[in-house]
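The values are calculated or read from the model by the stated rules, or taken from the named source; none is laboratory data. Nothing here was measured: the structure is a model prediction, and the numbers come from that model. Virtual Cβ from ideal backbone geometry, glycine too; neighbours counted across all protein chains shown. Quick note on the areas: whole protein, heavy atoms, side chains included, nothing else; ligands and nucleic acids left out. Shrake-Rupley method; radii C 1.70, N 1.55, O 1.52, S 1.80 Å.
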Amino acid sequence: MPMRSHYCGLVTEALTGQSVSLCGWVNRRRDHGGVIFIDLRDREGSVQIVCDPDRADMFKVAEDLRNEFCVQVKGLVRARPEGTTNDNLTSGKIEVLCHELIVLNPSVTPPFQIDDENLSETTRLTHRVLDLRRPYMQKNLMLRYRVAMEVRKFLDTNGFIDIETPMLTKSTPEGARDYLVPSRVHDGQFFALPQSPQLFKQLLMVAGFDRYYQITKCFRDEDLRADRQPEFTQIDIETSFLKEEDIRALFQDMIKGVFKTALQVELGDFPVMAYSEAMHRFGSDKPDLRVKLEFTELTDIMGDVDFKVFSGPATTPGGRVVALRIPGGADMSRGEIDSYTEFVKIYGAKGLAWIKVNDVTKGRDGLQSPIVKNIHDKAIAQVLSRTQAQNGDLIFFGADKAKIVNDAIGGLRLKIGHSDFAKKKNLFEDRWAPLWVVDFPMFEFDEEAQRYTAVHHPFTAPKDGHEDWMVTAPEKCIAKGYDMVLNGWEIGGGSVRIHRADVQQKVFDALKITPEEAQLKFGFLLDALQYGAPPHGGIAFGLDRVITLMTGADSIRDVIAFPKTQRAQCLLTQAPSPVDEKQLRELHIRLRNLDAVKAS
């Protein structure tokens, strides 16, 4: 018999009466009046092992077992006694009567119990190897593997080929900060780790590999959140000779197929929403459609009210005033309202105005709020009409620069929409909510730098007919860009690319990138575009985000084997770490104020 004939979690009734050889880790050992029970665990689950004292040598080994010992068990599969089955386990109707027990490797006392669900993340990441033994983590990483395999199958079936692109490349600091790698051979020069394979996959299209993909690591030195890591995994795809709608249809099918195969979930239709509509209704370009709350536009009716908090933004270019009606929200206490007021300040809002609707038929007399005395009757009537307010509702208001309003009230919408209150009031629909967001603006104006920046990246193609606006009115340009959103998370994004050098130059002009800068940063791409570059476009999916959504995890760290903390540290390996002086000398690097660096 081989060292292992079956996985523990796959031993079922079908093997009753057969001898098996199992390998795994002791999850728990229980001594019940002379009979020892062992829960043996591996990546597929666990099985109950019964050690009978009739076999003295084997029983002596069982008595000395402790949690996390790595052992081999040989024995006979038999049905569990009546009334002792465990329906939560695949192996719950059987047990293995142990004939032979071998300790392959003992374990010191682990720092925590593998089935402890109340571990701090610091403990988990410091002892990540043990954390990865937990069934929760094993399940997450097995799902990650299955999803990646389904993606590969789909892409292979549709003619895409996997081509690797460099990890050491040229620094093109657009967007997030690059991770830099000093060159030992070329003094004072640096490689950069790729933020994405964007430029190389476009070069592959010019080279004639018309359907490319890779599941690859990308690196961005940016501030971290629950859905970000300094290194993350991207399903990167590029194709030639497909229009924007064709690309969306193809990869919508891919994601639907992956969810159906891996999770047995039917995602259904993918609505398509313009960026302008998403911002107008939800203040976000990745709206969570499960939340049944929307903005109501009030900018046009607040310009002449006495309440300067509203009239100021309403009459200032770039200002916005909106309402967010919360059905049944009048039940909220003043303390709850105050907590939401503090919450929106995170986004730069100065406060949060509100009105409780007690009796909508009485106009201002049926309202409870400190602000109604400063708003004339016509505006109040329009607010109640536009929001379709009902008795017992609460209306929150946002008034400021459009970005602050969108961020603050958009954040408030999600905060309330995901709360227990929303679920009790039926303001949240528990379902999968996919969405395409399209027609993004090509550019956004950076007030600090006083110039336009690219919303996606500078290689995104404009809508047909918008090319000349890049010179005369960049704010009017709409891009052939598209994002796939699921449950309020952007899981994929892409665009049709610019394949003509003259159009690319117009983009650089709009971004105030000089010909010298363009040649220095992107010269190899610009040169390639001159050689009959085909029309092409693509998309990239965040594999970590997709798996996080599928598992319901709170953070992408729970679906990555060895993640970094929010301070971009690996607690397992203690990276980043100092290096010795010899290594620095070889790289011609000297640390300024080394003592201060060590102290930090």
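For GLU44, the residues whose modelled amide H falls within less than 5 Å of its own, excluding neighbours fewer than 5 places apart on the same chain, are CYS8, GLY9. Alpha carbon centre of the range 535-570 versus the range 370-443: separation in Å? Measuring centre to centre over Cα atoms gives 29 Å. Taking only the Cα atoms of the range 488-600, the radius of gyration and Dmax are 21.8, 55 Å.
Let me test this: with uniform point scatterers at the alpha carbons of the range 323-407, what is the Debye-based log₁₀ I(q)/I(0) at q = 0.11 1/Å? Reported log10 I(q)/I(0), two decimals: -0.29. The tail of the calculated P(r) for the range 201-242, taken as Cα-Cα distances beyond 13 Å, holds 60 percent of the pairs. For the set GLU150, GLU447, GLU244, the ranking by accessible area, highest first and with no ligand, DNA or RNA atoms included, is GLU447, GLU150, GLU244 under a 1.4 Å probe. A Cα-only calculation for the range 11-57 places Rg and Dmax at 11.7, 31 Å.
Taking Cβ atoms as reference points and 14 Å as the exclusive limit, the residues near ARG146 contribute a net charge of +4, counting Lys and Arg as +1 and Asp and Glu as -1. Element breakdown for the range 458-587 at a 1.4 angstrom probe: carbon and sulfur atoms account for 53% of the accessible area. According to the calculation over all Cα-Cα pairs in the range 142-253, the P(r) per 5 Å bin from zero is 2, 10, 17, 19, 19, 16, 11, 4, 2, 0 %. For LYS403, a cut-off of 20 angstrom between C-alpha atoms picks up these lysines, skipping any fewer than 8 places away in its own chain: LYS286, LYS308, LYS345, LYS350, LYS415, LYS476. Global dimensions of the range 29-91 from alpha-carbon coordinates: Rg and Dmax equal 12.0, 32 Å.
Stokes-Einstein diffusion of the range 396-494 at 4 °C, 1.567 mPa s viscosity, Kirkwood radius from Cα pairs, rounded to a whole number: 81 µm²/s. Ratio of Rg to Rh for the range 1-156: 1.01 [Cα atoms; Kirkwood radius as inverse mean 1/r over pairs]. Taken as Cα centroids, the range 252-311 and the range 1-15 sit 49 Å apart, rounded to the nearest whole angstrom. At the residue level, CYS70 shows approximately 30 square angstrom of accessible surface with a 1.4 angstrom probe and all protein chains present.
The residues neighbouring ALA79, those whose beta-carbon lies less than 13 Å from its own, together hold a net charge of 0 under the Lys/Arg +1, Asp/Glu -1 convention. Membrane-span-like helices in the chain: DSSP H runs reaching 27 Å or more (Cα, own axis), mean Kyte hydropathy at least -0.5? In the chain, the long hydrophobic H runs are 135-157, 244-263. At a probe radius of 1.4 angstrom, the accessible area of the chain per residue rounds to 50 square angstrom. Over the chain, the Kirkwood radius and the radius of gyration, each from Cα atoms, give a ratio Rg/Rh of 1.04.
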